[in-house]
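Dropping the structure in here first, questions after.
The values are calculated or read from the model by the stated rules, or taken from the named source; none is laboratory data. Note that the coordinates shown come from a computational prediction; the quantities given were computed from them, not determined experimentally. Note that each Cβ is placed from the backbone with ideal geometry, even for glycine, and that neighbours are counted across all protein chains shown. The accessibility values were calculated without ligands, DNA or RNA, using every heavy atom of the protein model including side chains. Shrake-Rupley method; radii C 1.70, N 1.55, O 1.52, S 1.80 Å.
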Amino acid sequence: LENAEPWTQDMLMGYFHIKRAWNLRSGKKGKDVSQAGWEGFHTHLDKAYTHLNAAHQRKPMYPEAATLLITVAMGGGTPRNENESYWFEHAVNAQFDHLDAYDRLVYALLPKWGGSYDQIMTQAQAWLDTGRFETKVPLQYLEAVREICQERNDYRLLRRPGVYEGLEQMCKGYMESSRSTKKQNYYKSIWAAAAWRAEQNEVALKLIKELGKDVDSKG
């Protein structure tokens, strides 16, 4: 570590202090975390911020430091004007399709960390509306829906107005942008599964019939 360049040193130290902070906090509810746990949590988040902010200042064209700072912000370890969205924007300005930044923002916006499902879906719709189907950014709409459904342990979200339509938009976008029949079948399979979960049974049956033996079980 001593022989590593300063950016690498700061990245490694920042990552270490994030892991240490959350280990001390543990997975308990806030009211069940000990005073020592909270003190250690905040101490290590402060150190993580110092290192990662330094790394970002050294190489702002790299997305990694800003991405980790999303998690630091989630724990309240950044200045008030530097929330999760602030660091997300820095990360994707450096690299538009740095997917770890999208994952971390969705997780940080879950209600248990002070966010909301509405905030997540607003972000997800914006990613879908980029129309950048040559990347996996619009696919983050599906990943956001999956995260919420797993958190709630049900699929009622797909019956909420606009959510199924967003998944349909996403699948059509990828199907139209791909020349690969295999990929087209993959996204059509996702569309069929989404239609079934959203109780759009006629659409689901139509898509399954069109796919026939080419249904992709991974969709």
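Which of the residues that make up region 62-120 are buried (at least 23 other Cβ atoms within 10 Å of the Cβ), of a type in the set (Gly, Ala, Ser) and more than 13 Å from Ile18 (Cβ to Cβ)?
Ala66, Ala91, Ala101
Sticking with this structure for a sec: Glu143 passes all but one of (1) assigned to a helix (DSSP H, G or I); (2) more than 19 Å from the chain's Cα centre (by Cα); (3) of a type in the set (Asp, Glu); which number fails?
Looking at each condition in turn, Glu143 falls short on (2).
Tell me which of these Ser85 doesn't satisfy, since it passes every other one: (1) hydroxyl-bearing (Ser, Thr, Tyr); (2) touching a Pro at 6+ places or on another chain (Cβ under 8 Å); (3) closer than 10 Å to Ile70 by Cα.
Every listed condition holds for Ser85 apart from (2).
Count, please, the residues in region 123-160 that happen to be over 15 Å from Lys172 (Cα atoms) and of a type in the set (A, V, I, L, M).
Here the count works out to 7.
When region 70-84 is examined, which residues are found to be under 14 Å from the mean Cα position of the chain (by Cα) and of a type in the set (A, V, I, L, M, F, W, C)? It would help to see each step written out before you state the result.
To start, the set of residues in region 70-84 that are under 14 Å from the mean Cα position of the chain (by Cα) comprises 70-71, 74, 84.
Result: Ile70, Met74.
Also, I was wondering about something else. Over 29 Å from Asp214 (Cα atoms) and either out of contact with any strand residue (DSSP E or B) (no Cβ under 7 Å at 6 or more places or on another chain) or outside any helix (DSSP H, G or I) (or both) - does that describe any residue in region 166-180? Full working, then the answer.
Within region 166-180, the subset over 29 Å from Asp214 (Cα atoms) is none.
No.
Given the conditions (1) at pLDDT 95 or above; (2) part of a helix (DSSP H, G or I); (3) open to solvent by less than 80 Å² (accessible area, probe 1.4 Å); (4) within 19 Å of Met121 (Cβ to Cβ), which single one is not true for Pro138?
Going through the list (1) at pLDDT 95 or above; (2) part of a helix (DSSP H, G or I); (3) open to solvent by less than 80 Å² (accessible area, probe 1.4 Å); (4) within 19 Å of Met121 (Cβ to Cβ), Pro138 breaks only (2).
Given the structure, is Ala108 closer than 17 Å to Leu157 by Cα and touching a helix residue (DSSP H, G or I) at 6+ places or on another chain (Cβ under 6 Å)? Steps first, please.
Values: closer than 17 Å to Leu157 by Cα: no; touching a helix residue (DSSP H, G or I) at 6+ places or on another chain (Cβ under 6 Å): yes.
Criteria not met by Ala108.
Quick check: anything in region 125-133 open to solvent by 70 Å² or more (accessible area, probe 1.4 Å), among the basic types (Lys, Arg) and either closer than 30 Å to Gly77 by Cβ or in a helix (DSSP H, G or I) (or both)?
Checked against the condition, which is being open to solvent by 70 Å² or more (accessible area, probe 1.4 Å), among the basic types (Lys, Arg) and either closer than 30 Å to Gly77 by Cβ or in a helix (DSSP H, G or I) (or both), region 125-133 yields no hits at all.
Looking only at region 37-48, how many residues end up being farther than 18 Å from Glu5 by Cα and open to solvent by less than 40 Å² (accessible area, probe 1.4 Å)? Walk me through it before giving the result.
Taking region 37-48 and keeping what is farther than 18 Å from Glu5 by Cα, we get 37-47.
Retained after the next criterion (residues that are open to solvent by less than 40 Å² (accessible area, probe 1.4 Å)): 37, 40-41, 44-45.
The qualifying residues number 5.
Identify the single condition in (1) part of a helix (DSSP H, G or I); (2) touching a helix residue (DSSP H, G or I) at 6+ places or on another chain (Cβ under 9 Å); (3) more than 22 Å from Asp100 (Cβ to Cβ) that Glu199 does not satisfy, given that it satisfies every other one.
Going through the list (1) part of a helix (DSSP H, G or I); (2) touching a helix residue (DSSP H, G or I) at 6+ places or on another chain (Cβ under 9 Å); (3) more than 22 Å from Asp100 (Cβ to Cβ), Glu199 breaks only (1).
Further question on the same structure: Which numbered condition in (1) in contact with a Leu (Cβ under 8 Å, 6 or more places away or on another chain); (2) within 24 Å of Ile70 (Cβ to Cβ); (3) buried (at least 18 other Cβ atoms within 10 Å of the Cβ) is the only one that Leu157 fails?
(1)
Working carefully through the options Ser189, Ser177, find the one that is open to solvent by less than 30 Å² (accessible area, probe 1.4 Å), among the polar types (S, T, N, Q) and at pLDDT 95 or above.
Details: Ser177 fails: open to solvent by less than 30 Å² (accessible area, probe 1.4 Å).
The match here is Ser189.
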